[in-house]
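Remarks on the structure that follows.
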Amino acid sequence: MPISIGRGLACEWRRDGGGSRVGNRRGESSASDQAHLMLATAYVQTDRAREAVTECEKVLEVMPNHYAALLLEGRILVASKHPEAALDKLEHAAALVPKAPQPHIILSDAYRQLGRKAEAAREKVAAQRLGPSSQE
């Protein structure tokens, strides 16, 4: 079954230069990080979620605070019906960039899949409060 991570995320990491401003000690993303995220996106587009997660993990091994890698991996895990595994990644992403609605949108989906309605509702409200891109 194909997984869908949505169009917004595939482009999101490109908009901020391939990584998060909180991604590494100098606030820069390396060419290697960008390559791993591009490969992860390609794997998602070819329904290879496991390989996509592996590429995200390669970035996170070196840069555990890499917002885009955390967000992409979380979205892949939720889309491939592994919401429990996504929670830590998404909560970490939300803590790194508190004004971003995207982690809250995906967290809402994860909690909904887990049957945790109150937490899903809380995250949906947080996403709506944070911005118009929360309507993805």
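All of the numbers you see were taken from the coordinates with simple rules; none came from a lab. For clarity, every value in this text was computed on a predicted model and none was experimentally measured. Note that we place each Cβ from the backbone using ideal geometry, even for glycine, and neighbour counts take in every protein chain shown.
Looking only at residues that are among the polar types (S, T, N, Q) and farther than 14 Å from residue 67 by Cα in the stretch 91-136, which one is surrounded by the most Cβ atoms within 10 Å (Cβ to Cβ)?
108
The rows are residues; the columns are (1) within 29 Å of residue 31 (Cα to Cα); (2) of a type in the set (Gly, Ala, Ser).
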| site | (1), (2) |
| --- | --- |
| 63 | yes, no |
| 74 | yes, yes |
| 90 | yes, no |
| 93 | yes, yes |
| 108 | no, yes |
| 111 | no, no |
| 118 | no, yes |
| 123 | no, no |
| 129 | no, no |
